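Let me begin by presenting the structure, written as structure tokens, before commenting on it.
The values are calculated or read from the model by the stated rules, or taken from the named source; none is laboratory data. Please read all numbers here as calculations on a predicted model, not as lab measurements. Neighbour counts run over all protein chains shown; Cβ positions are idealised from the backbone, glycine included.
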Amino acid sequence: MISSVAAVIGLAVPAHADDTDDAFLASLNSAGFTYNDPAQVIQSAHYVCTAAGGGTAMADIAKAMTSKASALTEDKAEKFTAIAASAYCPDAISSTTTTTAASS
């Protein structure tokens, strides 16, 4: 379900996974996410950080993800954005409006 978001976004595929990627994927697995292509899921996580770095609120990023991947529920999108930000851009969590934490 997350893979379709990365395909729509069209980001470059990372050449290899590193420790951060492994920890991110482990967090997704623990949260019950399923996916076919880890590289595309990692791309989607980087999209979260790019959007947050541009000033987009986490709730808005989650909404954008659900509009691009119909199989992704709002709850799962919010969890994904929180996990992605925690792994790749933890500063974005405090620098953007995070209704994700409030709605949990």
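The table below lists the values:
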quantity: Residue ranges of helices (runs of 4 or more DSSP H) in the chain with at least 3 members at pLDDT below 90 and in contact with a helix residue (DSSP H, G or I) (Cβ under 9 Å, 6 or more places away or on another chain); calculated: 3-9, 90-95, 99-103
quantity: Residue ID - surrounded by the fewest Cβ atoms within 10 Å (Cβ to Cβ), chosen from residues in region 30-69 that are free of Cβ contacts under 8 Å to residues at least 12 places away in the same chain and among the polar types (S, T, N, Q); calculated: Ser30
